[in-house]
Amino acid sequence: MLELSLVTGLAVAVVLVLGGAVTTAAYRAFRRTGSEALRSLAVGIGAITLAAAVGATLHHLLGVDLGVALLVQTALTALGFAALAASLYLEPTVVTGRADGQ
């Protein structure tokens with residue numbers, strides 16, 4: 001059982017690092033362009049990344065029932081995918097300058 005927890009922890013760490021990197025890149029692109037689609041993309045990827053961490057933390061570290069942890073993880077993942085879907089349908093915005101005013 002310890003091996004499974006260790007492998008799960010390592011997998012969640014990889015998801016957090018990679019998901020965090022992609023979320024950060026999408027957020028920086030949003031700040032640079034002001035595009036609402038990029039903001040929704042960042043929120044969606046961030047929620048999916050957070051879902052993995054929350055699900056694993058609830059079950060493995062806090063001892064929450066596996067079914068409850070899975071429900072929370074799935075709900076956060078669904079919210080993330082909803083934000084990703086919204087990012088595909090948002091109207092593109094025309095930006096004349098940088099979002100930080102420079």
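A short reminder: the numbers here are calculations on the coordinates, not readings from a lab. Just so it is clear, the structure is predicted and the values come from calculations on it, not from any experiment. Glycine gets a Cβ as well: all are built from the backbone with ideal geometry, and neighbour counts include every protein chain shown.
On full extension of the chain, what length is gained from residue 4 through residue 25, given 0.36 nm per residue of separation minus the C-alpha to C-alpha distance?
4.4 nm
Comparing the chain with the 2.2 N^0.38 Å rule of thumb, its C-alpha radius of gyration ratio is 1.30 (two decimals). Here the relative contact order of the chain, from alpha carbon pairs under 8 Å that lie six or more residues apart, stands at 35 percent. Take the Cα of residue 32, step 7 Å toward its Cβ, do the same at residue 89, and the gap between the two points is 2.8 nm. Listing 77, 57 from fewest to most neighbouring C-beta atoms within 10 Å gives 57, 77.
The separation of the stretch 42-80 from the stretch 1-33, counted between C-alpha centres, amounts to 13 Å. Please find the FRET efficiency linking residue 70 to residue 17, where r is the Cβ-Cβ separation and R0 is fixed at 30 Å, and quote it to the nearest 0.05. After rounding, the FRET efficiency stands at 0.85.
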